[in-house]
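Before any comments, here is the structure.
The values are calculated or read from the model by the stated rules, or taken from the named source; none is laboratory data. Just so it is clear, the model here is predicted, and its values are computed rather than measured. Please note: Cβ atoms are built from the backbone with ideal geometry, for glycine as well, and neighbour counts cover all protein chains shown.
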Amino acid sequence: MNNSQIARENLEETEDNRLSFLQKQQGELSQLVETINRVEASEDWQKLRAILLNDVASSLERSLKSEAEKSELNLPKIYRLQGQLEWARKYADLSKLVEWKKKELENIKNYINHELNPRDGAL
């Protein structure tokens, strides 16, 4: 058997696996975006956000600022506060999370489209 034929078959199999994985990811991301949109529109989320999450980011920013102004820095605490602040900014506002996931979904769609319909005519 020709070694180039074996290599070509292995490459095609790898590309098929990658495409099927990306198509699965695309479906999961689409469901996630739809679910987040429904949750964000719900009255329960609005209540939870008002009670629990509205002041989290500003509180973390104040804590981080006060910690950074101390004469002796506690780096692990600063890093922890930075991580918490990043989390709060990302997940407390579901519209930002949806936009981030939509961009990820669009990148996957573009990649799948490019793989299925290459512009250079190669298959």
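Is it true that residue 63 is surrounded by 13 or more Cβ atoms within 10 Å (Cβ to Cβ) and small (Gly, Ala, Ser)?
Judged against the criteria, residue 63 is a match.
State whether one or more residues within region 45-57 are in contact with a Leu (Cβ under 6 Å, 6 or more places away or on another chain), farther than 20 Å from residue 108 by Cβ, surrounded by 10 or more Cβ atoms within 10 Å (Cβ to Cβ) and modelled with pLDDT of 85 or more.
no
With a cut-off of at least 3 residues that are free of Cβ contacts under 8 Å to residues at least 12 places away in the same chain and either under 30 Å from residue 17 (Cα atoms) or touching a strand residue (DSSP E or B) at 6+ places or on another chain (Cβ under 8 Å) (or both), name the helices (runs of 4 or more DSSP H) lying wholly within region 31-120.
Helices (runs of 4 or more DSSP H) meeting the threshold: 94-116.
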